[in-house]
Structures are given as C-alpha cells and as structure tokens.
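The values are calculated or read from the model by the stated rules, or taken from the named source; none is laboratory data. Keep in mind that this is a model prediction, so the values were computed, not measured. Here the Cβ positions follow ideal geometry from the backbone for every residue, glycine too, while neighbour counts run over all protein chains shown.
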C-alpha cells in the first residue's frame, strides 16, 4: 500500500544508535517511521559504535552545524596487543605486540593526551581527499595521505581494566577520532591496540536522558505517538542567550532584515542569541552595538501569528 505524501514536522529525535547500522541508515529509518519530509543527523557514528545520534527534522536541520560543533563524550574499550587497519573490529590485523600495560602505566599516560593534541585521522574514515571519501580510496588500495588536525581533549579517565583491555571515558571537541585516540594511547604505552567498543554518551546538549532506542520506536503503532518523542528545536540552543522580540521585529527578521539594538537589553556588547516571539524560535541573530542581524531564519511562525 502506497503511503501518503510525507509531512513537514520539526524537532529533534535523539536515537540510541544500534550497532552495525550506519548513521545514514538511521536517518532513513526515522524519516519513514515519523512519515517526515526532511531530516538529517548531527555527528556521524561509525557502524560498530552505539549511542547518542541526534536526528534533526524539518527546520531543526538548520541547527545541525551547531550540534555537530559541540562537545562530545564517549566511553570506549581499548584492547591492547592487536592493531587493525580500521582501528576497530571491522579491520584486518596488521600488527601485534606482547606488551600489556599495567593500570599504573595507563594512569600515568593519560595526562599526555589532555588539552590540545595532534591527530592523524584513520584512512578508513569519511574525510574527503580530493573530493572523495578516504575510506573509498583505501578500499581500492590507493595510497591515502590524510593531513593532521588539532583537537582538544577536555577529560580522559580509565573506568575499569581487564586482562587485555581497559575501558575509558573521554570528553572531546568536534573532529576527534576516538579510534585514533585509542591507537595513539596504546602506542604511547609501548603496545598496539584497537577499539572493541565505542559508545557516545553525549553530543552537544543531548545525552542519554533524552534518547530512545530505534527498536522501541519501531514497536510504537501510530505515527503520532512516535512523533511525541520529538524534542523542540530550541532544545539544541540551551546554552545561548534569548531575546524576546516584538511581532513587528519578528516579521522583519523572517524577511532577513536587521533590527536596531537600541530597543533591546542585550547581555553584552556583542554576541549570538536566539530571537523568540510567543515562545517560538524566529531566528538566530548576531548583534553588536550597531545592529541585530539574522544569521539563520526559521519558518515556524504563521503570518497570522504576527
């Protein structure tokens, strides 16, 4: 039976991504489950990884970069003694070591990876080299050179240890490859290693408190009940200031027009804020002493509301 035309819905759905499923597959599945016209994900997770995958619907897709740019938290298990081509269980073994670092050695090594560090992302990644993903070139046997990048590790701790593995928690900036972090940590300890488990526990403002399992969503019979798990668009903007604008100024912002800052009490000389009217997000704005300028406009208000 053919489904009716998809609906324009807006908001965030925080999926606990299952293992062995790509982020793109989750996007397609949730679009179908919510009978939605448009959606996308913030912050790709590897197929073997699980955890927080924010899915933006409708107007929320305009905020994907703001979520992707936020801090991330992960828990991962690093197995020592084996190195794979991909840094995870999906790759082929390319090196082995008899070295199994002690807990004391691991704890002494962790501070070395705090702060701003340099990484070389894995060749089996979605980074584009000359317009094509690195992993596609690597699978064809092509030589792939990936430039180094600076990332920030805000926190790194060992949660528990096992015979040949250890479990860690890390808080990091965008662009951090946890597979690379694990490999670099193992090599720093005089061994080799790869990740056997990877779980994202936080992505920007979203954490496990907001998540729903994809299996649970599939078991809900009615589309409207599935949509009840959508979070408001503004949920991703909890950390920025809000400006309550008038109906007249809301209409101007929606047309891409700027406002005079003289009519508003702003928290500082310049910055970024969410412009709101009647508890509805109108635009993201940037202000200085001369002007309030819309940088992202949202089509959530009806003209009759203005």
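At-a-glance table
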{"quantity": "Answer residue from region 141-161, given it is surrounded by 12 or more Cβ atoms within 10 Å (Cβ to Cβ) and not in a strand (DSSP E or B) and is modelled with the highest pLDDT among those", "calculated": "146"}
{"quantity": "Residue 301 vs. criteria outside the structural domain of residue 42 (by TED's automatic domain parsing), farther than 18 Å from residue 64 by Cβ, out of contact with any helix residue (DSSP H, G or I) (no Cβ under 7 Å at 6 or more places or on another chain) and outside any strand (DSSP E or B)", "calculated": "no"}
{"quantity": "Unique match (being farther than 16 Å from residue 217 by Cα, over 13 Å from the mean Cα position of the chain (by Cα), modelled with pLDDT of 95 or more and in the same structural domain as residue 229 (by TED's automatic domain parsing)) among 40, 58", "calculated": "58"}
{"quantity": "Conditions (1) closer than 23 Å to residue 166 by Cα; (2) surrounded by fewer than 18 Cβ atoms within 10 Å (Cβ to Cβ); (3) at pLDDT below 95; number of the one not met by residue 115", "calculated": "(3)"}
{"quantity": "Pairs with Cβ under 7 Å, 6+ apart, first in region 236-247 and within 12 Å of residue 67 (Cα to Cα), second in a loop (DSSP other than H, G, I, E, B)", "calculated": "236/204; 236/205; 238/205; 239/205"}
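So that you can scan it fast, the table gives a plain yes or no per residue for (1) surrounded by 18 or more Cβ atoms within 10 Å (Cβ to Cβ); (2) modelled with pLDDT of 90 or more; (3) within 19 Å of residue 11 (Cβ to Cβ):
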position: 265; (1), (2), (3): no, no, no
position: 272; (1), (2), (3): no, yes, no
position: 276; (1), (2), (3): no, yes, yes
position: 281; (1), (2), (3): yes, yes, yes
position: 286; (1), (2), (3): no, yes, no
position: 289; (1), (2), (3): no, no, no
position: 294; (1), (2), (3): yes, yes, no
position: 298; (1), (2), (3): yes, yes, yes
position: 304; (1), (2), (3): no, no, no
